[in-house]
Amino acid sequence: MSANRRGFTIVEVVMAIVILVFGIIVLSSSAAGISRMIGSGQGKTRAAALASARLEFLRNAAAATTPACSSGALASGSAAQPGGFTEEWTVTDAGATRQVRVIVRYRAGPRLQADTLFARLLCPAT
């Protein structure tokens, strides 16, 4: 036998495979976590857009009447939206201003999430 052999021993090959498999497992679990975070971010973005749209609707309803904030549309309520989103808004009277709270609920995986937007509508006397 020649004393000058070239190549890898079986121990080196097994260790390389173990390290490679461990790295693949870590990367795949990270990818799953990233996918969950992306889905959660999409839900939060949609909830924020729905809450903002509801607030703009209420602002337009408040400004469209004379005197300001006398519209019947400027009332508390709720609505279901496509994609499993539900909105609930509360408008409270406070003289020259109205306090508005919009809550958007949606499912993020197995959990129910809720995002809330608070705002104040000005009702200047004309």
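Please count how many residues of region 61-107 are of a type in the set (D, E, K, R) and either within 15 Å of the chain's Cα centre (by Cα) or closer than 14 Å to A125 by Cα (or both).
First pass over region 61-107, keeping only residues of a type in the set (D, E, K, R): 87-88, 93, 98, 101, 105, 107.
Okay, now just the ones that are also either within 15 Å of the chain's Cα centre (by Cα) or closer than 14 Å to A125 by Cα (or both), so 87, 98, 105, 107.
Residues flagged as of a type in the set (D, E, K, R) and either within 15 Å of the chain's Cα centre (by Cα) or closer than 14 Å to A125 by Cα (or both) within region 61-107 amount to 4.
Just to be sure I understand, how many residues within region 59-82 are modelled with pLDDT of 90 or more and part of a loop (DSSP other than H, G, I, E, B)?
2
Looking only at residues in region 36-54 that are touching a Phe, Trp or Tyr at 6+ places or on another chain (Cβ under 8 Å) and of a type outside the set (K, R), which one is farthest from L112 (Cα to Cα)?
The first filter runs over region 36-54 and keeps only residues touching a Phe, Trp or Tyr at 6+ places or on another chain (Cβ under 8 Å), leaving 43, 46-47, 50, 54.
Filter once more, keeping what is of a type outside the set (K, R): 43, 47, 50.
Values: G43: 11, A47: 12, L50: 17 Å.
Filtering first and then ranking leaves L50.
Which ones in region 101-115 are out of contact with any helix residue (DSSP H, G or I) (no Cβ under 6 Å at 6 or more places or on another chain) and surrounded by 12 or more Cβ atoms within 10 Å (Cβ to Cβ)?
The first filter runs over region 101-115 and keeps only residues out of contact with any helix residue (DSSP H, G or I) (no Cβ under 6 Å at 6 or more places or on another chain), leaving 101, 103, 105, 107, 109-114.
Result: R101, I103, R105, R107, Q113.
Of the residues I19, I34, only one is assigned to a helix (DSSP H, G or I), more than 24 Å from R111 (Cα to Cα) and free of Cβ contacts under 8 Å to residues at least 24 places away in the same chain; which?
On the way: I34 fails: more than 24 Å from R111 (Cα to Cα).
Of I19, I34, the one residue that is assigned to a helix (DSSP H, G or I), more than 24 Å from R111 (Cα to Cα) and free of Cβ contacts under 8 Å to residues at least 24 places away in the same chain is I19.
Go through region 73-89 residue by residue and tally those that are within 21 Å of T45 (Cα to Cα) and surrounded by 14 or more Cβ atoms within 10 Å (Cβ to Cβ).
Step one: filter region 73-89 for residues within 21 Å of T45 (Cα to Cα), giving 78-89.
Now narrow it down to the ones that are surrounded by 14 or more Cβ atoms within 10 Å (Cβ to Cβ): 81, 85-89.
Here the count works out to 6.
Would you mention how many residues in region 1-40 are modelled with pLDDT of 90 or more and not β-branched (V, I, T)?
Of the residues in region 1-40, 6 are modelled with pLDDT of 90 or more and not β-branched (V, I, T).
Conditions (1) basic (K, R); (2) surrounded by 13 or more Cβ atoms within 10 Å (Cβ to Cβ); (3) under 24 Å from V100 (Cα atoms), marked per residue:
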{"residue": "V26", "(1), (2), (3)": "no, no, no"}
{"residue": "A31", "(1), (2), (3)": "no, no, no"}
{"residue": "G39", "(1), (2), (3)": "no, no, no"}
{"residue": "G43", "(1), (2), (3)": "no, yes, yes"}
{"residue": "R46", "(1), (2), (3)": "yes, yes, yes"}
{"residue": "R59", "(1), (2), (3)": "yes, yes, yes"}
{"residue": "A62", "(1), (2), (3)": "no, yes, yes"}
{"residue": "A68", "(1), (2), (3)": "no, yes, yes"}
{"residue": "S71", "(1), (2), (3)": "no, yes, yes"}
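The values are calculated or read from the model by the stated rules, or taken from the named source; none is laboratory data. Being a predicted model, the structure only gives us computed values, none of them experimental. Ideal geometry is used to build each Cβ from the backbone, glycine not excepted, and the neighbour counts take in all protein chains shown.
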